[in-house]
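Laboratory data are not the source of any read-out in this text; all were calculated from the coordinates shown. None of these values were measured; they are calculated from a predicted model. With ideal geometry, Cβ positions are generated from the backbone for all residues, glycine too; neighbour counts draw on all protein chains shown.
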Amino acid sequence: MWFILALLSAIFAALTSILAKVGIEGVNSNLATAIRTVVVVVMAWGMVFITNAQNGIAEISKRSWLFLVLSGLATGASWLCYYKALQTGDASKVVPVDKLSVVITLVLAFVFLHEQFTTKSLIGCILIGIGTLVMVL
């Protein structure tokens with residue numbers, strides 16, 4: 001099931017890039033990010049209430065709150081940078097560079113989460129890096 005959800009995530013992310021590139025034309029990138037964020041907030045809280053998950057708020061630890069807030073700040077910074085890059089650059093070049101986050105995530109997971117970094121992971125990182133360069137140059 002995780003693979004299907006991850007694949008759907010990739011499809012929706014691709015749609016996000018194309019729809020954003022069209023929608024951001026003539027709109028301040030920060031304003032566009034704010035509009036997108038409001039839609040995401042409404043959708044996310046809608047899912048919380050549809051699944052009756054709102055009762056779990058009181059059970060969230062301080063540590064989880066801290067890391068969820070930090071993750072939210074990182075997401076916001078990512079979106080602000082992404083929309084500005086998308087506004088000023090070609091989607092076909094911005095998106096591959098943005099997807100270098102896969103390589104960065106693998107490295108950070110190895111360093112901070114002590115996840116296994118295998119030969120396969122290393123080859124994949126190298127191929128993603130080379131692929132990104134080929135697409136951008």
In cubic angstrom, how much convex hull volume per residue do the alpha carbon atoms of the range 2-98 span?
127 Å³
Count the lysine pairs in the chain whose Cα atoms sit under 30 Å apart, keeping only pairs 8 or more residues apart in sequence or on different chains.
7
For every helix of n ≥ 4 consecutive DSSP H residues, a contribution of -39,500 (n - 2.57) applies; sum these over the chain, divide by its total residues, and give [θ] at 222 nm rounded to the nearest 500 deg cm²/dmol.
-27000 deg cm²/dmol
By per-residue mean of other Cβ atoms within 10 Å, what is the highest-first order of 73-80, 27-34, 58-65?
27-34, 73-80, 58-65
